[in-house]
Amino acid sequence: MIIAGVDEAGRGPLAGPVVAAAVILCEGGIAGLDDSKKLSAARRATLEREILARCTVGIGMADVAEIDEINILQATLRAMTRAVEALGVMPDHVLVDGNRLPRWGYSAEAVVGGDALHPCISAASIIAKEHRDRIMIAADADWPGYGWARNKGYGAAVHMEALRRLGPTPLHRRSFAPVRQAELALGS
(Lines give C-alpha, C1' and ligand atoms only; values in the text may rest on other atoms or scores of the structure.)
Protein backbone atom coordinates (compact mmCIF):
# COMPACT_ATOMS: atom_id res chain seq x y z
CA MET A 1 0.00 0.00 0.00
CA ILE A 2 1.38 3.41 -1.01
CA ILE A 3 0.86 5.91 1.81
CA ALA A 4 1.72 9.59 1.44
CA GLY A 5 2.14 11.99 4.32
CA VAL A 6 1.23 15.65 3.85
CA ASP A 7 2.05 18.73 5.90
CA GLU A 8 2.37 22.45 5.33
CA ALA A 9 4.53 25.36 6.41
CA GLY A 10 3.59 29.00 6.50
CA ARG A 11 -0.03 29.34 7.54
CA GLY A 12 0.66 31.94 10.23
CA PRO A 13 3.22 34.35 8.73
CA LEU A 14 2.30 37.80 7.47
CA ALA A 15 4.31 37.34 4.28
CA GLY A 16 5.21 34.72 1.72
CA PRO A 17 3.53 31.66 0.26
CA VAL A 18 2.10 28.68 2.06
CA VAL A 19 4.05 25.54 1.12
CA ALA A 20 2.88 21.95 1.38
CA ALA A 21 4.84 18.77 0.88
CA ALA A 22 3.75 15.20 0.26
CA VAL A 23 6.16 12.35 0.96
CA ILE A 24 6.02 8.64 0.27
CA LEU A 25 8.75 7.13 2.43
CA CYS A 26 11.40 4.92 0.90
CA GLU A 27 11.90 1.27 1.74
CA GLY A 28 13.28 1.05 5.28
CA GLY A 29 12.20 4.60 6.13
CA ILE A 30 14.39 7.41 7.40
CA ALA A 31 15.85 7.37 10.92
CA GLY A 32 15.35 10.36 13.20
CA LEU A 33 12.20 11.83 11.69
CA ASP A 34 10.10 14.10 13.92
CA ASP A 35 7.95 17.21 13.73
CA SER A 36 10.13 19.81 11.95
CA LYS A 37 9.54 22.32 14.78
CA LYS A 38 11.26 19.95 17.24
CA LEU A 39 14.42 19.57 15.14
CA SER A 40 17.43 21.87 14.91
CA ALA A 41 18.03 23.64 11.61
CA ALA A 42 21.11 21.49 11.00
CA ARG A 43 19.22 18.26 11.65
CA ARG A 44 16.33 19.36 9.39
CA ALA A 45 18.78 20.14 6.58
CA THR A 46 20.42 16.72 6.91
CA LEU A 47 17.08 14.93 6.96
CA GLU A 48 15.82 16.99 4.01
CA ARG A 49 18.77 15.88 1.89
CA GLU A 50 18.16 12.23 2.78
CA ILE A 51 14.40 12.45 2.16
CA LEU A 52 14.92 14.12 -1.23
CA ALA A 53 17.54 11.55 -2.21
CA ARG A 54 15.64 8.43 -1.13
CA CYS A 55 11.89 9.13 -1.04
CA THR A 56 9.16 10.26 -3.41
CA VAL A 57 8.44 13.94 -2.77
CA GLY A 58 5.92 16.43 -4.12
CA ILE A 59 5.80 20.14 -3.27
CA GLY A 60 2.85 22.45 -3.77
CA MET A 61 2.45 26.12 -3.02
CA ALA A 62 -0.18 28.81 -2.92
CA ASP A 63 1.15 32.31 -3.40
CA VAL A 64 0.18 35.51 -1.63
CA ALA A 65 -2.40 36.45 -4.28
CA GLU A 66 -4.18 33.13 -3.77
CA ILE A 67 -4.03 33.49 0.01
CA ASP A 68 -5.59 36.95 -0.20
CA GLU A 69 -8.20 35.81 -2.71
CA ILE A 70 -9.46 32.57 -1.13
CA ASN A 71 -8.16 32.80 2.50
CA ILE A 72 -5.28 31.00 4.17
CA LEU A 73 -7.18 27.78 4.94
CA GLN A 74 -8.36 27.29 1.36
CA ALA A 75 -4.92 28.25 0.02
CA THR A 76 -3.34 25.67 2.35
CA LEU A 77 -5.71 22.96 1.14
CA ARG A 78 -4.92 23.95 -2.46
CA ALA A 79 -1.18 23.71 -1.77
CA MET A 80 -1.71 20.25 -0.24
CA THR A 81 -3.58 19.09 -3.32
CA ARG A 82 -0.79 20.39 -5.55
CA ALA A 83 1.80 18.58 -3.41
CA VAL A 84 0.05 15.22 -3.75
CA GLU A 85 -0.41 15.76 -7.49
CA ALA A 86 3.32 16.59 -7.78
CA LEU A 87 4.29 13.16 -6.39
CA GLY A 88 3.88 11.63 -9.83
CA VAL A 89 2.55 8.50 -8.10
CA MET A 90 -1.06 7.82 -7.11
CA PRO A 91 -1.09 7.06 -3.37
CA ASP A 92 -3.50 4.46 -1.99
CA HIS A 93 -3.99 6.54 1.15
CA VAL A 94 -2.97 10.03 2.31
CA LEU A 95 -2.31 11.06 5.91
CA VAL A 96 -2.66 14.83 6.40
CA ASP A 97 -1.42 16.68 9.45
CA GLY A 98 -4.24 18.66 11.04
CA ASN A 99 -8.00 18.46 11.29
CA ARG A 100 -9.02 19.31 7.72
CA LEU A 101 -8.73 17.54 4.39
CA PRO A 102 -8.82 19.02 0.91
CA ARG A 103 -11.74 17.99 -1.29
CA TRP A 104 -10.08 15.34 -3.39
CA GLY A 105 -10.58 11.80 -4.63
CA TYR A 106 -7.82 10.24 -2.52
CA SER A 107 -8.54 7.93 0.39
CA ALA A 108 -7.35 10.15 3.24
CA GLU A 109 -7.51 10.98 6.89
CA ALA A 110 -6.66 14.07 8.89
CA VAL A 111 -4.44 13.40 11.90
CA VAL A 112 -4.10 16.09 14.58
CA GLY A 113 -0.45 16.13 15.65
CA GLY A 114 0.35 13.76 12.79
CA ASP A 115 3.78 15.27 12.25
CA ALA A 116 4.84 13.72 15.57
CA LEU A 117 2.95 10.44 15.02
CA HIS A 118 3.52 9.33 11.43
CA PRO A 119 7.01 9.33 9.88
CA CYS A 120 5.65 10.14 6.41
CA ILE A 121 3.99 13.29 7.79
CA SER A 122 7.17 14.16 9.73
CA ALA A 123 9.11 13.92 6.47
CA ALA A 124 6.56 16.16 4.74
CA SER A 125 6.82 18.64 7.61
CA ILE A 126 10.59 18.84 7.16
CA ILE A 127 10.41 19.26 3.38
CA ALA A 128 7.72 21.96 3.56
CA LYS A 129 9.53 23.95 6.25
CA GLU A 130 12.94 23.81 4.60
CA HIS A 131 11.49 24.75 1.20
CA ARG A 132 9.54 27.71 2.58
CA ASP A 133 12.45 28.88 4.73
CA ARG A 134 14.66 29.09 1.61
CA ILE A 135 12.01 31.19 -0.15
CA MET A 136 11.89 33.65 2.76
CA ILE A 137 15.68 33.81 3.09
CA ALA A 138 15.90 34.70 -0.62
CA ALA A 139 13.11 37.27 -0.19
CA ASP A 140 15.07 38.90 2.63
CA ALA A 141 17.72 39.89 0.08
CA ASP A 142 15.07 41.44 -2.18
CA TRP A 143 13.26 43.28 0.63
CA PRO A 144 15.79 44.03 3.37
CA GLY A 145 14.70 45.44 6.71
CA TYR A 146 11.93 42.96 7.56
CA GLY A 147 14.26 40.33 9.00
CA TRP A 148 12.81 37.49 6.93
CA ALA A 149 16.05 35.49 6.94
CA ARG A 150 15.46 35.06 10.67
CA ASN A 151 11.70 35.40 11.23
CA LYS A 152 10.54 33.78 7.94
CA GLY A 153 7.70 36.30 7.63
CA TYR A 154 6.18 35.78 11.07
CA GLY A 155 5.16 38.82 13.11
CA ALA A 156 8.42 39.22 15.04
CA ALA A 157 9.16 42.66 16.50
CA VAL A 158 11.65 43.59 13.75
CA HIS A 159 9.15 42.58 11.08
CA MET A 160 6.29 44.53 12.69
CA GLU A 161 8.46 47.63 13.07
CA ALA A 162 9.56 47.45 9.42
CA LEU A 163 5.97 46.94 8.32
CA ARG A 164 4.97 50.14 10.15
CA ARG A 165 8.00 52.06 8.85
CA LEU A 166 8.40 50.71 5.29
CA GLY A 167 4.91 49.40 4.58
CA PRO A 168 3.94 46.14 2.91
CA THR A 169 5.88 44.51 0.09
CA PRO A 170 4.38 42.43 -2.73
CA LEU A 171 5.02 39.36 -0.52
CA HIS A 172 2.81 40.62 2.31
CA ARG A 173 -0.61 39.07 2.83
CA ARG A 174 -2.96 42.02 2.67
CA SER A 175 -5.87 39.93 3.94
CA PHE A 176 -4.04 39.63 7.30
CA ALA A 177 -5.03 42.37 9.77
CA PRO A 178 -1.55 43.66 10.75
CA VAL A 179 -0.61 44.12 7.08
CA ARG A 180 -3.92 45.82 6.28
CA GLN A 181 -3.49 48.12 9.28
CA ALA A 182 0.07 49.06 8.29
CA GLU A 183 -1.05 49.77 4.76
CA LEU A 184 -3.87 52.01 5.96
CA ALA A 185 -1.60 53.84 8.41
CA LEU A 186 0.86 54.65 5.63
CA GLY A 187 -1.91 55.57 3.19
CA SER A 188 -0.61 53.01 0.67
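Any chance you could count how many residues in segment 12-52 are crowded, with 21+ Cβ neighbours inside 10 Å, modelled with pLDDT of 95 or more and of a type in the set (Gly, Ala, Ser)?
Selection size over segment 12-52: 5.
Tally time: how many residues in segment 176-188 are surrounded by fewer than 16 Cβ atoms within 10 Å (Cβ to Cβ) and under 18 Å from the mean Cα position of the chain (by Cα)?
So the count comes out to 0.
What tally of residues in segment 123-146 results from selecting those that are open to solvent by 10 Å² or more (accessible area, probe 1.4 Å), among the aliphatic types (A, V, I, L, M) and within 12 Å of the chain's Cα centre (by Cα)?
Count: 1.
List pairs: first residue in segment 147-172 and more than 13 Å from Leu186 (Cα to Cα) and open to solvent by 30 Å² or more (accessible area, probe 1.4 Å), second residue acidic (Asp, Glu) and not in a loop (DSSP other than H, G, I, E, B) anywhere in the structure, Cβ distance under 7 angstrom, at least six positions apart or on different chains.
From residues that are more than 13 Å from Leu186 (Cα to Cα) and open to solvent by 30 Å² or more (accessible area, probe 1.4 Å), the pairs are Ala149/Asp140; Lys152/Asp133.
Mind counting the residues in segment 70-93 that are part of a helix (DSSP H, G or I), open to solvent by 10 Å² or more (accessible area, probe 1.4 Å) and not aliphatic (A, V, I, L, M)?
The qualifying residues number 5.
The values are calculated or read from the model by the stated rules, or taken from the named source; none is laboratory data. No experiment lies behind these values; they were computed from the predicted model shown. We place every Cβ from the backbone using ideal geometry, glycine too, and count neighbours over all the protein chains shown. Surface accessibility is based on the protein's heavy atoms, side chains included, excluding ligands, DNA and RNA. Shrake-Rupley method; radii C 1.70, N 1.55, O 1.52, S 1.80 Å.
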